[in-house]
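Student: Below are the structure tokens for one structure; questions will follow.
The values are calculated or read from the model by the stated rules, or taken from the named source; none is laboratory data. Remember, it's a predicted structure, so these values are computed and weren't measured experimentally. Backbone-built Cβ (ideal geometry, glycine too); neighbour counts: all protein chains shown.
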Amino acid sequence: MDKLVSSWYSNVQRVPQDYIFPPEKRPGDLHVPVHEVIPVIDLSEAEQGYRTPTIQKILKAAQEFGFFQVVNHGFSQNLMNESMVVCKELFEGSNEANKKLDSSEDVSKSCRVKTCSLRCSPDKVHLWRDFLLHQCHPLEKWQHTWPQHPTRYQECIGAYSVEVKKLASRILALICEGLGLKCGYFEDEQLSGRMVLSVNNYPPCPEPSLTLGLSKHADSNLITILLQDGVCGLEVLKEDKWIGVEPNPHAFVVNMGCFLQVISNNKLKAAEHRVVTNPNTARTSIAFFIASLEDRIIEPAKELTNELHPPIYKPIKANDFMTQFLAMDADSGAVLRSLLA
């Protein structure tokens with residue numbers, strides 16, 4: 001494994017050659033004009049007599065942006081803050097813990113720390129990013145495999161995982177109701193029973209216009225719940241324009257994955273997004289991915305298809321989708337096009 005970017009970035013004044021993207025893929029001007037902002041949805045309104053309007057807001061945001069932020073979600077602010085502090089400590093220069101973690105290329109490993117991406121070879125451009133990836137559900141099966149340092153990590157992120165799973169279930173239930181699917185559609189363990197957490201660290205970068213923390217992609221899962229720190233970097237592509245997602249310390253960012261686009265028969269959008277780097281400040285985010293078990297067939301929901309609205313996509317196993325996703329360098333659009341019926 002390459003050395004983590006966080007272990008050497010402070011010793012360079014220029015971006016190394018293997019981190020420089022081709023001109024057509026570089027972020028270029030990092031001052032993204034504010035054409036639009038992704039919607040912010042007050043989730044508490046769904047429990048205060050405004051359930052239908054809240055569902056309509058979620059579906060509209062999911063259709064137009066593929067992204068939205070939720071506030072007043074019932075999640076403990078103290079737990080959000082503490083989780084971010086603990087995750088930042090993982091990649092601090094003085095912390096030796098990440099050196100003891102599994103850094104193998106074996107994607108079956110339940111907990112590992114990496115740099116670059118899930119699929120990075122010497123002939124590919126590297127990403128300006130380090131990340132810790134581990135499974136979360138069921139908690140009793142995986143928690144003991146997580147980092148032991150910082151000492152609070154297992155307890156804190158265990159509590160965080162339980163609460164963010166509840167939040168994801170609430171949002172999926174609202175989406176389920178809005179789409180007109182049978183009650184509990186997304187509660188199927190085969191469909192939403194794989195939960196993975198990624199702690200992403202994007203160190204300061206001397207030349208942000210030349211590289212990326214994450215290249216353009218859409219998530220190959222059902223739905224993602226993201227907690228950002230106070231540093232900008234996440235951008236969403238809408239109508240060929242990049243929209244910066246302003247950090248909100250009280251909000252979670254929610255984005256639709258490719259599986260949800262397929263299941264909804266294109267009623268919902270898995271939006272492409274990327275992460276740009278910052279010349280002065282490190283950025284940390286905590287992404288919680290809700291995905292399907294390997295053998296689960298992903299296909300348009302039967303309730304959403306008929307003679308007038310035939311299935312847009314062919315069925316595919318969740319594991320086969322991920323295999324194609326990695327083989328096509330995370331080009332989610334290409335994978336979805338290959339599934340067109």
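Student: Can you tell me which residue in region 1-15 is modelled with the highest pLDDT, limited to those that are surrounded by 14 or more Cβ atoms within 10 Å (Cβ to Cβ) and in a loop (DSSP other than H, G, I, E, B)? First the steps, then the outcome.
Tutor: Start the filter on region 1-15 by keeping residues that are surrounded by 14 or more Cβ atoms within 10 Å (Cβ to Cβ), which leaves 2, 4-7, 9, 15.
Now narrow it down to the ones that are in a loop (DSSP other than H, G, I, E, B): 2, 4, 15.
Details: ASP2: 59, LEU4: 89, VAL15: 95.
Restricting to residues being surrounded by 14 or more Cβ atoms within 10 Å (Cβ to Cβ) and in a loop (DSSP other than H, G, I, E, B), the top hit is VAL15.
Student: Give just the number: which of (1) crowded, with 19+ Cβ neighbours inside 10 Å; (2) among the small types (Gly, Ala, Ser); (3) not in a loop (DSSP other than H, G, I, E, B) does ALA330 not satisfy?
Tutor: All conditions are met except number (3).
Quick grid of which residues meet (1) farther than 29 Å from MET328 by Cβ; (2) more than 16 Å from the chain's Cα centre (by Cα); (3) modelled with pLDDT of 95 or more:
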residue: THR145; (1), (2), (3): yes, yes, no
residue: ILE175; (1), (2), (3): no, yes, yes
residue: ARG194; (1), (2), (3): no, no, no
residue: ILE225; (1), (2), (3): no, no, yes
residue: ASP229; (1), (2), (3): yes, no, yes
residue: ILE243; (1), (2), (3): no, yes, no
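Student: Just one of GLY193, GLY244 is at negative phi and buried (at least 18 other Cβ atoms within 10 Å of the Cβ); which is it? Let's see the steps before the verdict.
Tutor: Working: GLY193 fails: buried (at least 18 other Cβ atoms within 10 Å of the Cβ).
Answer to the check: GLY244.
Student: Quick check: is even one residue across region 271-288 basic (Lys, Arg) and crowded, with 23+ Cβ neighbours inside 10 Å?
Tutor: Just the residues of region 271-288 that are basic (Lys, Arg), to begin with: 274, 283.
This time we only want the ones that are crowded, with 23+ Cβ neighbours inside 10 Å, so: 283.
For region 271-288, residues basic (Lys, Arg) and crowded, with 23+ Cβ neighbours inside 10 Å: present.
Student: Let me ask something else about it. Among the residues of region 212-219, is any at pLDDT 95 or above and farther than 28 Å from LEU326 by Cβ?
Tutor: No, region 212-219 contains no residue that is at pLDDT 95 or above and farther than 28 Å from LEU326 by Cβ.
Student: Give me a count of the residues in region 156-190 that are of a type in the set (Lys, Arg) and surrounded by 17 or more Cβ atoms within 10 Å (Cβ to Cβ). Break it down stepwise before answering.
Tutor: Quick first cut of region 156-190, residues of a type in the set (Lys, Arg) only: 165-166, 170, 182.
Those left that are additionally surrounded by 17 or more Cβ atoms within 10 Å (Cβ to Cβ): 165.
Residues that pass the stated criteria total 1.
Student: Of all residues in region 280-307, count the ones that are part of a loop (DSSP other than H, G, I, E, B), touching a residue at least 40 places away in the same chain (Cβ under 8 Å), of a type outside the set (Asp, Glu) and in contact with a strand residue (DSSP E or B) (Cβ under 9 Å, 6 or more places away or on another chain).
Tutor: 4
Student: Further question on the same structure: Are any residues in region 300-328 touching a Lys or Arg at 6+ places or on another chain (Cβ under 7 Å) and among the acidic types (Asp, Glu), and if so, which ones?
Tutor: Once the filter is applied, which keeps residues that are touching a Lys or Arg at 6+ places or on another chain (Cβ under 7 Å) and among the acidic types (Asp, Glu), region 300-328 yields only GLU303.
Student: From (1) buried (at least 20 other Cβ atoms within 10 Å of the Cβ); (2) of a type in the set (Lys, Arg); (3) more than 30 Å from GLU24 (Cβ to Cβ), pick out the condition that doesn't hold for LYS141.
Tutor: Against the list (1) buried (at least 20 other Cβ atoms within 10 Å of the Cβ); (2) of a type in the set (Lys, Arg); (3) more than 30 Å from GLU24 (Cβ to Cβ), LYS141 comes up short only on (1).
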